[in-house]
Amino acid sequence: MTAQTSILYITYSNELLNGESIFVSSNCYPVKASRFEPAGHSFHDAALKLRGCFMEENTDDNDDNQNSSKDKEHDYMQSSDSYSSKGKKKSGDGPNKQDHYALLGLGHLRYLATDDQIRKSYRETALKHHPDKQAALLLVEETESAKQAKKDEIENRFKAIQEAYEVLIDPVKRRIYDSTDEFDDEIPSDCAPQDFFKVFGPAFLRNGRWSVVQPIPFLGDENTPLKDVDLFYDFWYGFKSWREFPHADEHDLDQAESRDEKRWMERQNAKLSEKARKEEYVRIRALVDNAYKRDPRVLKRKELMKAEKQKKKEAKFMAKKLQEEEAIRIAEEEKRKKEEAEKEAAEAASQQKKIKEKEKKLLRKERTRLRTLSNNVVSQRLLNITNDDVENLCMSLDILKLKDLCDNLETKEGSSQAEVLKDAISNTDVSDKDYIPKNVPNGSVKVNGNAPKNNIPKPWGKEEIELLRKGIAKYPKGTSRRWEVISEYIGTNRSVDEILKATKTVLLQKPDATKAFDSFLEKRKPGPVISSPLSTKEESEGVSLKNGSEKADEVVVENGVANGEEDVWSSVQVTALIQAVKTFPKEGSQRWERIAAAVPGKTVNDCKKQFTLLKEKFRNKKK
């Protein structure tokens, strides 16, 4: 036997060996594959050979025909062994469901087959397996029952081919059939980081067949830009599937008798498939979530974002810390400056207090000096000058005027001192600007008997201030030539500038607490003069008769009380004493002098004695 140089190629579907050709060798003669079918006399010869005629002569030919028939049968038989049913989901009529793609010879394409490929494959398969073309197979069977069974088998096979074409050529029916076709629904749950793309890449490609949008994006690799990665996951998180989920109890739309019944059937079928749709959505979402959690590109970006966020957080913390430290430093600096300012203010206040105390001390010294120098004048009653006149001078004159007056009194004696005091008493109502001491500072002296002119503004009197308040209330804002009208209303020739300045200074000043006593004396109504009816003694000194017409038994009453009746207190005097005690507290300077001035006809000693008696009476009443 000589070796054959030509080798027959046998090919299988792409699902086996990736569609590559395989070589088969044997020690026997190769089988001759016929590309033509017998017809006419050849058909009868083939039929006789199949029936056993010419057995010895055509043994090899019979073997060739049997092998070719087996190959033909293998062409249209369902190749179910090519697919594994493990982990796969089937739906339909059960285990006897026919494979439409395999019947038409499209098992290697399946859902990827186009309409043109389906039509072409159907024409070839229908022509090949038409009952008229398979009539020779009936001659092989010996009995009528076997022939009938073979005939039914051929017809059923042809009907199955027609049914497969009807299903696959109709878009709706084909979508339903493809949805129930064999498919692996399993999704990967975990994998090693280096095997991520090998595990999840095929899973996404396998499930991408259900996508409405085609083509689907690919998973890529480690070098894929993050922009494409985001687009990939956005697509799968918004995945839209065309997969159908027919139910065993659903209605057949072709059996509907009317349009309304068909719509009702569609609604019922949609309800039955809704649960399966939700499960499919959960399955796809689980696949995308598992991939997103384990994608090394996403994990790397998250780590970078986390590091950047931590860096920003640290920078923010440091900035906040620096800001707090700066705020603390500024606060400490302000506190230090404030303490220094308070210290300086305290020192200035202490210095000012010392100066005031020194001035008060000098003022008391000058007042004592004036009282000492005027004792002779008061004791001799020269020019009717009394202690009260001297006290008024002491209280009304400032330290410079007191010093000038005392210096002038030291150079005089007797009646000359009295005249100086009388002039000073008569000039107590003169303003400070008209008063010029002897020793004028800076060498300014009287020239031609005229005092130097000063630019000191004229002070506002109480009457003017009251008139100003009334004028402002009487002529409100909006009055034509308001301030000129107010100036005319006051009537003291005040200019508009002086009035405007006074509204910002004089009217806004708070009343001075040290002048409360003076205000009280001015507002107090004069008390009645109390004269004693028992007083008949004429004073030898200090008595002044009015024009010499008063009687000798009339006594000049000082402070409204006769000397013999100093211990007699009227209800008016007691009331005035109590009110004065309440008005002038213990802390005030010269309290009893002010109280005595407030009580008509009583001296300081009388007020003290009466106050003591009132205190004792009050305590006795409590007991």
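Before moving on, here are some points about what is shown:
- Computed with every protein chain present, the accessible area of V568 is close to 90 Å² [probe 1.4 Å].
- In terms of accessible area, using a 1.4 Å probe and ignoring ligands and nucleic acids, R371, R243 rank largest first as R371, R243.
- Of the solvent-accessible surface of segment 142-201, computed with a 1.4 Å probe and all protein chains present, 48% belongs to carbon and sulfur.
- Solvent-accessible surface ranking, highest first, for F218, F200, F43, F239 at 1.4 angstrom: F218, F43, F239, F200
- Area accessible to solvent at D190, 1.4 Å probe radius, in Å²: 110 Å²
- The residues of segment 566-623 present an accessible area of 69 Å² per residue when probed at 1.4 Å with all protein chains retained.
- Excluding ligands, DNA and RNA, the accessible surface per residue across segment 324-410 is 73 Å² with a 1.4 Å probe.
- Only one residue of P225, H247, N269 has its Cα farthest out toward the positive end of the dipole of segment 207-281, where Lys and Arg carry +1 and Asp and Glu -1 on Cβ, and that residue is N269.
- When the GluC sites (Glu not before Pro) in segment 363-434 are filtered for DSSP coil states and for at most 14 other beta-carbon atoms within 10 Å of their beta-carbon, the remaining sites are E413.
- For E593, the solvent-accessible surface computed with a 1.4 Å probe is close to 100 Å², ligands and nucleic acids excluded.
- 3J(HN,Hα) couplings calculated from phi for segment 219-234 with the Karplus curve 6.51 cos²θ - 1.76 cosθ + 1.60 (θ = phi - 60°) are, in sequence order, 5, x, 9, 5, 8, 5, x, 5, 4, 5, 5, 5, 5, 4, 6, 5 Hz; Gly and Pro show x.
- Extension gain, N387 back to V213 (0.36 nm per residue minus Cα-Cα distance, nm): 50.5 nm
- Whole-Hz ³J(HN,Hα) from phi, Karplus 6.51 cos²θ - 1.76 cosθ + 1.60, for segment 254-267, glycine and proline x: 5, 8, 5, 8, 8, 5, 5, 5, 5, 5, 5, 4, 4, 5
- Solvent-accessible ranking of Y281, Y177, largest area first, probe 1.4 Å: Y281, Y177
- 3J(HN,Hα) along segment 302-313: 4, 5, 5, 5, 5, 5, 5, 4, 5, 5, 5, 4 Hz, from the Karplus curve 6.51 cos²θ - 1.76 cosθ + 1.60 with θ = phi - 60°, whole Hz, x for Gly and Pro.
- Accessible surface calculations at 1.4 Å, restricted to protein heavy atoms, place segment 100-166 at 58 Å² per residue.
- Checking the Cα-Cα distances for K365/K609; K403/K501; K360/K609; K159/K271 against a 31 Å cut-off, the pairs over it are K403/K501; K159/K271.
- Chain lengthening between R301 and T503 when straightened (0.36 nm per residue, less Cα-Cα): 65.3 nm
The values are calculated or read from the model by the stated rules, or taken from the named source; none is laboratory data. For clarity, every value in this text was computed on a predicted model and none was experimentally measured. Quick reminder, even Gly has a Cβ in these numbers, built from the backbone with ideal geometry, and neighbours come from all protein chains shown. These area figures cover heavy atoms from the full protein model, side chains too; ligands, DNA and RNA do not enter into them. Shrake-Rupley method; radii C 1.70, N 1.55, O 1.52, S 1.80 Å.
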